[in-house]
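Heads up: the structure comes next, in structure tokens.
The values are calculated or read from the model by the stated rules, or taken from the named source; none is laboratory data. What you see is a predicted model, and the numbers here were worked out from it, not measured in a lab. Counting neighbours? That spans all protein chains shown, and the Cβs are built from the backbone with ideal geometry, glycine included. Note: accessible area is taken over every heavy atom of the protein model, side chains too, but ligands, DNA and RNA are not part of it. Shrake-Rupley method; radii C 1.70, N 1.55, O 1.52, S 1.80 Å.
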Amino acid sequence: MKPLKGIFLFAIVLLLSNSCKQKTSAEYSQEVNNADFYHGCVNQLTDVIIHDIFSPPVASRIYSYATLAGYEAMVSGNKDYPSMVGKIKDFNKISQPETGKEYCYPLSGIKAFMTVARGLTFSVEKYDDFEKGLDKKFKDAGVPSDVIERSVAYGDSVGKAVLAYAKKDKYPQTRGLRYTLQNKLGSWQPTPPSYADAIEPNWGSIRTMAIDSSTQFMPPAPFAYDLAKTSLFMKEVTEISEMGKNLTEEEKRIAWFWDDNAFVMNVQGHVMFADKKMTPGGHWLAIVKTVCKDKKADLMKSAQAYLLVSIALRDAFINCWEVKYRYHKIRPETIINASVDTKWIPFLQTPPFPEYTSGHSTISGASAEVLTQLFGENVAFTDSTEAKFGHGVGQFKSFYEAANQASISRCYGGIHFRSACDEGLITGKKIGEWVMLKAKK
């Protein structure tokens, strides 16, 4: 009996020592209010988006819902930040925590974020080890087991509510719908090397979040198709043709740095293979992380920045795709090969959708405006987002310097005309302004 008694006493001591590790809210909050936990969630989602090869518009949709869920689950515990309920379209209610109960809201936010991430991506097994690591950090921080259980349940309920909200944005109705070629002079045609169908021809019908509709901020119509040498259209064609043949090393570097083509088809002889890379939206959210860390932004400030930039990205893509499939404008590669130089090849691979307006320009203008309003003008930062893809590091004195460079990079790459870039930037800035107006109401 003595050995059994010893084991029993040891178990009691172990239980008491474990219970002593649990801390009060004031004690564990200092450790778990850690923006790096949330940065990690966004990084993990980006990695899965790259792996699953989501198109840029679809990726923006995923980011917008994941960041909305994470933010809403945490904002219940921080009255200094406003809920987005009633501020974005059709988002009229969200799960609420029980009154008088203790919650670890950072944990709720992470759980809500990851619930949506798992619900909207395919390779969900890639989240397993990451989430286990985060769970351990909260336990090691001394968060009581009942608080952990309650906080996880609350975060999951918020995530599921956001997933239910997502189901009503018309995305399911657009799956499987293919583009019908216009077969008109000056209209878009599939481009080499894969000659892929145009992606997301109905994206303009997806529900917006902040702007009233996909047509709220419409740019002017593109220059009319006209092969006369003095026409505005042919002046643009000639500009990109000559630019592509005389690129400087710096212009090539800029084009590579902002490429962000989610799926590039490589051809070597008779062999074709694909490269997966970050989407333009993922690139701007990586900039959000960089600036938040530079500015030592706390958890809620970081969550807010991710959310508002994600909303701007989403609405900018919806607007841009509305414009693309309204005008069906031909790509530089197609018209230059047909009317100027049959051997001309763009520096970057042409993505599979119409030319006008530039998606990079529109989403960059929107993101830059949101970040400028959140963090101020002339905020210098180092963008190392593309380093792991072999595209170097960028140094910028402001968010708009980065946006302007992202925009002109599409001309250097030979995949856009200047008007598409200029008008995209202007429209994007208007969308960013509207997002911030909605957020401040």
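I'd like to verify a number: residues in the range 332-384 that are of a type in the set (A, V, I, L, M, F, W, C) and either in a loop (DSSP other than H, G, I, E, B) or free of Cβ contacts under 8 Å to residues at least 60 places away in the same chain (or both), how many? Working first, answer last.
First pass over the range 332-384, keeping only residues of a type in the set (A, V, I, L, M, F, W, C): 335-336, 338, 340, 344-345, 347-348, 353, 363, 366, 368, 370-371, 374-375, 379-381.
Remaining after also requiring either in a loop (DSSP other than H, G, I, E, B) or free of Cβ contacts under 8 Å to residues at least 60 places away in the same chain (or both): 338, 340, 344-345, 347-348, 353, 379-380.
Here the count works out to 9.
Going residue by residue through the range 416-439, is there one that turns out to be in contact with a Pro (Cβ under 9 Å, 6 or more places away or on another chain), part of a helix (DSSP H, G or I), within 25 Å of Ala305 (Cβ to Cβ) and hydroxyl-bearing (Ser, Thr, Tyr)?
yes
Failed condition for Gln349, given (1) surrounded by 21 or more Cβ atoms within 10 Å (Cβ to Cβ); (2) more than 21 Å from Glu251 (Cα to Cα); (3) among the polar types (S, T, N, Q), with all others met?
It is condition (2) that Gln349 fails.
Give the range 362-386 a look and list any residue that's at pLDDT below 95, open to solvent by less than 50 Å² (accessible area, probe 1.4 Å) and more than 16 Å from the chain's Cα centre (by Cα), or say none.
The first filter runs over the range 362-386 and keeps only residues at pLDDT below 95, leaving 384-386.
The next check asks that each one be open to solvent by less than 50 Å² (accessible area, probe 1.4 Å); those that pass are 385-386.
Once the filter is applied, which keeps residues that are at pLDDT below 95, open to solvent by less than 50 Å² (accessible area, probe 1.4 Å) and more than 16 Å from the chain's Cα centre (by Cα), the range 362-386 yields nothing.
Would you mind telling me which numbered condition in (1) under 20 Å from the mean Cα position of the chain (by Cα); (2) farther than 13 Å from Gly109 by Cα Thr180 fails?
If we test Thr180 against (1) under 20 Å from the mean Cα position of the chain (by Cα); (2) farther than 13 Å from Gly109 by Cα, just (1) comes out false.
Answer yes if at least one residue in the range 227-242 is over 24 Å from Asp341 (Cβ atoms) and either more than 22 Å from the chain's Cα centre (by Cα) or outside any loop (DSSP other than H, G, I, E, B) (or both), and no otherwise.
First, pick out the residues of the range 227-242 that are over 24 Å from Asp341 (Cβ atoms): none.
No, the conditions are met nowhere in the range 227-242.
Select, from Ala69, Ala59, Ala117, the only residue that is touching a Ser or Thr at 6+ places or on another chain (Cβ under 6 Å), closer than 18 Å to Val309 by Cβ, part of a helix (DSSP H, G or I) and at pLDDT 95 or above.
Ala59
Those residues that are closer than 24 Å to Pro56 by Cβ, open to solvent by 30 Å² or more (accessible area, probe 1.4 Å) and among the aliphatic types (A, V, I, L, M), I need them from the range 217-242; list them, please.
Answer for the range 217-242, where residues must be closer than 24 Å to Pro56 by Cβ, open to solvent by 30 Å² or more (accessible area, probe 1.4 Å) and among the aliphatic types (A, V, I, L, M): Met218, Ala221.
Among the residues of the range 82-102, is there at least one that is among the hydroxyl-bearing types (Ser, Thr, Tyr) and assigned to a helix (DSSP H, G or I)?
Of the residues in the range 82-102, the ones among the hydroxyl-bearing types (Ser, Thr, Tyr) are 83, 95, 99.
Narrowing further to those that are assigned to a helix (DSSP H, G or I): none.
Checked the range 82-102: no residue is among the hydroxyl-bearing types (Ser, Thr, Tyr) and assigned to a helix (DSSP H, G or I).
Can you name the residue in the range 180-216 that is more than 30 Å from Lys438 (Cβ to Cβ) and aromatic (Phe, Trp, Tyr) and is also surrounded by the fewest Cβ atoms within 10 Å (Cβ to Cβ) among such residues?
From the range 180-216, those more than 30 Å from Lys438 (Cβ to Cβ) are 180-198; that's our starting set.
Filter once more, so that each one left must be aromatic (Phe, Trp, Tyr): 188, 195.
Numbers: Trp188: 23, Tyr195: 10.
For the range 180-216, the residue satisfying everything is Tyr195.
Taking the condition modelled with pLDDT of 95 or more, among the aromatic types (Phe, Trp, Tyr), open to solvent by 10 Å² or more (accessible area, probe 1.4 Å) and out of contact with any Leu (no Cβ under 9 Å at 6 or more places or on another chain), does Phe417 pass?
Working: modelled with pLDDT of 95 or more: yes; among the aromatic types (Phe, Trp, Tyr): yes; open to solvent by 10 Å² or more (accessible area, probe 1.4 Å): no; out of contact with any Leu (no Cβ under 9 Å at 6 or more places or on another chain): yes.
Taking the combined requirement at face value, the residue does not satisfy it.
Got a sec? Which of Val85, Val75, Val42 is in contact with a helix residue (DSSP H, G or I) (Cβ under 9 Å, 6 or more places away or on another chain), open to solvent by 30 Å² or more (accessible area, probe 1.4 Å), within 28 Å of Lys441 (Cα to Cα) and hydrophobic (A, V, I, L, M, F, W, C)? Can you show your working first?
Details: Val75 fails: open to solvent by 30 Å² or more (accessible area, probe 1.4 Å); Val42 fails: open to solvent by 30 Å² or more (accessible area, probe 1.4 Å).
Answer to the selection: Val85.
Kindly establish whether Ala297 is part of a loop (DSSP other than H, G, I, E, B) and open to solvent by 10 Å² or more (accessible area, probe 1.4 Å).
Working: part of a loop (DSSP other than H, G, I, E, B): yes; open to solvent by 10 Å² or more (accessible area, probe 1.4 Å): yes.
So Ala297 passes the test.
For the range 158-175, state whether one or more residues are surrounded by 18 or more Cβ atoms within 10 Å (Cβ to Cβ), touching a helix residue (DSSP H, G or I) at 6+ places or on another chain (Cβ under 7 Å), in a loop (DSSP other than H, G, I, E, B) and in contact (Cβ under 8 Å) with a residue 60 or more places away in the chain.
Checking the range 158-175: not a single residue is surrounded by 18 or more Cβ atoms within 10 Å (Cβ to Cβ), touching a helix residue (DSSP H, G or I) at 6+ places or on another chain (Cβ under 7 Å), in a loop (DSSP other than H, G, I, E, B) and in contact (Cβ under 8 Å) with a residue 60 or more places away in the chain.
Could you check the range 388-401 and list, in sequence order, the residues that are surrounded by fewer than 24 Cβ atoms within 10 Å (Cβ to Cβ) and closer than 19 Å to Thr372 by Cα?
Filtering the range 388-401 down to residues surrounded by fewer than 24 Cβ atoms within 10 Å (Cβ to Cβ) leaves 388-398, 400-401.
Gly394, Gln395, Phe396, Lys397, Ser398, Tyr400, Glu401, listed by residue number.
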